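Below is one structure, written out as structure tokens, with a few remarks after it.
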Amino acid sequence: MATCGSPISNMTDPDSGPATVAGCGSPNAKIDGMPAGFDAVLALGTNIADRAGHIADALRRITADGAIRIVARSRLYRTAPWGVTNQDWFLNACAGVATRLDPQALLRRCQDVENDMGRVRTQRWGPRIIDIDIIAIRDRQIAEPNLTVPHPLISERAFVLVPLKDIAPAMKLGGRSLDDMLSHLDARDVVAVEA
């Protein structure tokens, strides 16, 4: 995943994908169906050591000062690596959050949590202790040098779409439902590890 602190979320990280919006090839891809109470959706992933512990720790750190509150969290999913496939499996989740932080402040918070947890950005799509991507911010469309929302690779990533369905099943991107995007992907390697 690109990270909150990385592409999409940021184009300065080696994990970054192309600077197009939403994987739909359009800089005007619009988010519809964001659940009430959600100001943003974050995607989290890790494939080093205590994966479940890293995701829980990241969520604790993100919400520590009260500026961000978790409204909904998906189940944890065991997923195959994407991009660079000769690495250990990942654990992924999505969280819907409420916050009054502006987009750049939210991005900084995500990057600060990644950095504080020891995230090292050396290999694009390589192993990481934690990765936090901003998937969506309300119905906003943002194209700044360090922040692109909606995340440009959503429609290509079953490991984001499947957990996203847990918390925002009616969400649409550029008029496409999550189910429609998933119908074009192989999601067999995205397996829930908790009920």
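The values are calculated or read from the model by the stated rules, or taken from the named source; none is laboratory data. Keep in mind that what you see is a predicted model, and the values were worked out from it rather than measured. Note: ideal-geometry Cβ built from the backbone for every residue, glycine included; neighbour counts use all protein chains shown.
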Looking at (1) over 29 Å from GLN141 (Cβ atoms); (2) outside any strand (DSSP E or B), which is the only condition ARG78 fails?
(2)
Residue tally, condition hydroxyl-bearing (Ser, Thr, Tyr) and more than 14 Å from the chain's Cα centre (by Cα), over the range 142-186:
2
Are there any pairs, at least 6 apart or on different chains, whose C-beta atoms fall under 6 Å, with the first in the range 32-60 and of a type outside the set (A, V, I, L, M) and the second assigned to a helix (DSSP H, G or I), and if so, which?
THR46/HIS54
Wholly within the range 87-195, which strands (runs of 3 or more DSSP E) include no fewer than the required count, namely at least 3 residues that are crowded, with 18+ Cβ neighbours inside 10 Å and on the phi < 0 side of the Ramachandran plot?
90-99, 131-137, 147-149
Among GLY5, GLY23, the single one that is at pLDDT below 95 and closer than 19 Å to LEU182 by Cα is GLY23
Taking the range 144-189, which residues are within 15 Å of ALA29 (Cβ to Cβ), hydroxyl-bearing (Ser, Thr, Tyr) and at pLDDT 95 or above?
SER177
Any chance you could count how many residues in the range 54-75 are over 14 Å from GLU114 (Cα atoms) and either in contact with a Gly (Cβ under 7 Å, 6 or more places away or on another chain) or not in a loop (DSSP other than H, G, I, E, B) (or both)?
6
Residues that are at pLDDT below 95, more than 14 Å from the chain's Cα centre (by Cα) and either surrounded by fewer than 19 Cβ atoms within 10 Å (Cβ to Cβ) or of a type in the set (Gly, Ala, Ser) (or both): does the range 56-74 have at least one?
no
